[in-house]
Amino acid sequence: MEYSIPALTWVWLFVPMPLVIVLSVLTWIVERRR
Amino acid sequence: MDTATLVTFIIYLIGMLGIGIFMYYRTNDLSDYVLGGRKLRPGVAALSAGASDMSGWLLLGLPGAIYATGFGEAWMAIGLSIGAYLNWQFIAKRLRVYTEVSDNSITVPDFLGNRFKDPYLLRVISALVILLFFTFYTSSGMVAGAKLFEASFGLSYQTALWIGTIVVVSYTFLGGFLAVAWTDFVQGSLMFLALIVVPIVAVTEIGGIQEAVQAVGEIRPDNLDMVTGVGVMAIISSLAWGLGYFGQPHIIVRFMALRSKNDVPIAKFIGTTWMILGLYGAIFTGFMGLAFINSQDVSILSAYGIEVVTENGVHMLGDPEKIFIAFTQILFHPIVAGILLAAILSAIMSTIDSQLLVSSSAVAEDFYKAIFRRNATDKELVWVGRMATLVIALIAALIAMNPESSVLELVSYAWAGFGAAFGPIILLSLFWQRMTRNGALAGIIVGALTVIVWGGFLEGGLFDLYEILPGFLFNTIVTVIISLMEKPSAQIEAEFADVLTKIKE
């Protein structure tokens, strides 16, 4: 049997945390422009 | 223990002491000793906050939990990442500005006292809570450090405890905040390096990510699933850990120590990235561990002194929390293994030193200076801080001499306790002009009591929810209600307006 990581686990594992990094970059850029 | 590993490890410890001695000559007054004279660079502040926060959990607890039960344990990492980001986003800049405007407050109790113009009650109660919980927190860190020393070097627990204590206390005693922040920076860098290198080498050894997924699936298919089988209550409780950040004195004091409010955005980016990549490293170290250990010959594992149990034909570590240590021993050259081992101790030491310093700051600034000696000289206060460091560390070490001591169970309430007691107070005090001193006082008491009662005496159903959530909520409600029943003084309102102006400058 071939195993893989379930789709929902992929989403929860690889979306919220990288999104937080993206947010920190975006807010950094916005605050620098100010 | 290989000699090369031991030598690398000793060099690390001497390096930490060297930083302490160097910073001794840069510490002139109490502001230097407890806050580094507010000259901390963003990179140092970011890594120092992260390293102080994470403790041994990042290299031992989290990989161990993922190794034992799989991705279902990763929810807490998400909660902590979001919480740490929000802490930088909403607390850092305002706290940096407010603490300077409000009589140059240098500790969290000092800030609360100055913010609400209450020189005694609010400040002393906050300082007492900090002193009590951080002494036990420090003690618990010492137990973890001594156990690591004991397992790695074959020293007796007591000898290991006192060696570790002497090193941490020496550099904290001498160099105060600057030594703690810079050692944290080095320690945070080591932890980061270790958490990136170990899973990469591990996945290469296993043959690739798909191979690791396949191997884990064959051993325990449930470990691949983060959602199925994990209850809603468990997910909410894990995510709720993130709420704790707003009230952790040893973390938010880094914001107060920043060189400038303008350093916050870059520090936020560095801190958030460091933490999230580190968490991924820890998660995948644990995940790869299941595939890796099972693929090894038991005799090879035993030769490294790794305790293995075999269940249904699957080789597992006797102690899942040792998965990171097992990787360092098996996969790396002894010199690199020494560095990686130092990274684990770094995680523990960086939390102990920060908590020790916050406690000694409370003694020097919030008891000695605020109550007994308002006119104390800078030199006198620095030495009171140093002596407090020594005495608190001694008490913590004496408690740690008995690692089974039930008093150490108090630590399990510390994160929730600080988060629920101080979190809403810090947030509201920075964002809500109408907040009053009585509101803050009532909120702290209700938040702390909720955590103790909910966590210690109630169980089943809704009461299985992590106590920080109701504690945070009840604290906020009580603080708002009591504050709305009275009005802050004109002086407090004027200072708040001044802070808003300075933030926009």
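The values are calculated or read from the model by the stated rules, or taken from the named source; none is laboratory data. Just so we're clear, the structure is a prediction, and the values are computed from it rather than from any experiment. Cβ placement follows ideal geometry from the backbone for every residue including glycine, while neighbour counts extend to all protein chains displayed.
Every residue in region B:370-379 that is over 20 Å from B:Thr172 (Cα atoms) and in contact (Cβ under 8 Å) with a residue 24 or more places away in the chain, please.
Answer for region B:370-379, where residues must be over 20 Å from B:Thr172 (Cα atoms) and in contact (Cβ under 8 Å) with a residue 24 or more places away in the chain: B:Ala370, B:Ile371.
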Scanning region B:341-392 residue by residue, those of a type outside the set (Ser, Thr, Tyr) and closer than 30 Å to B:Thr3 by Cβ turn out to be B:Leu341, B:Ala342, B:Ala343, B:Ile344, B:Leu345, B:Ala347, B:Ile348, B:Met349, B:Ile352, B:Asp353
Among the residues of region B:197-253, how many are of a type outside the set (Ser, Thr, Tyr), under 30 Å from B:Ser126 (Cβ atoms) and either more than 13 Å from chain A (Cβ to nearest Cβ) or free of Cβ contacts under 8 Å to residues at least 12 places away in the same chain (or both)? 13
Please tell me if B:Gln187 is within 14 Å of chain A (Cβ to nearest Cβ) and at pLDDT below 95. no
Within region B:52-64, track down each residue that is modelled with pLDDT of 90 or more and either within 14 Å of B:Gly175 (Cβ to Cβ) or of a type in the set (Gly, Ala, Ser) (or both). B:Gly64
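Of the residues B:Ala51, B:Ala92, which single one is touching a residue at least 60 places away in the same chain (Cβ under 8 Å), within 12 Å of chain A (Cβ to nearest Cβ), surrounded by 24 or more Cβ atoms within 10 Å (Cβ to Cβ) and in contact with a helix residue (DSSP H, G or I) (Cβ under 7 Å, 6 or more places away or on another chain)?
Result of the check over B:Ala51, B:Ala92: B:Ala92.
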Flagged in chain A as surrounded by 14 or more Cβ atoms within 10 Å (Cβ to Cβ), under 27 Å from B:Ile270 (Cβ atoms) and either at the interface with another protein chain (Cβ under 7 Å from one of its Cβ atoms) or touching a helix residue (DSSP H, G or I) at 6+ places or on another chain (Cβ under 6 Å) (or both), in numbering order, are A:Trp12, A:Leu13, A:Pro16, A:Met17, A:Val20, A:Ile21, A:Leu23, A:Ser24, A:Val25, A:Thr27, A:Trp28, A:Glu31
Of B:Thr285, B:Thr272, the only residue that is more than 9 Å from every other protein chain (Cβ to nearest Cβ) and of a type in the set (S, T, N, Q) is B:Thr285
Can you find even one residue in region B:272-291 that is in a helix (DSSP H, G or I), more than 23 Å from B:Ile66 (Cα to Cα) and of a type in the set (A, V, I, L, M, F, W, C)? no
Would you kindly identify the helices (runs of 4 or more DSSP H) lying entirely within region B:155-269 that contain at least 1 residues that are within 17 Å of the chain's Cα centre (by Cα) and of a type outside the set (S, T, N, Q)? B:157-206, B:232-240, B:249-256
Hey, B:Leu80 away from chain A (no Cβ under 13 Å), out of contact with any Lys or Arg (no Cβ under 8 Å at 6 or more places or on another chain) and among the aliphatic types (A, V, I, L, M) or not: no
Just wondering, is there one or more residues in region B:345-357 that are assigned to a helix (DSSP H, G or I), free of Cβ contacts under 8 Å to residues at least 12 places away in the same chain and farther than 30 Å from A:Val15 by Cα? no
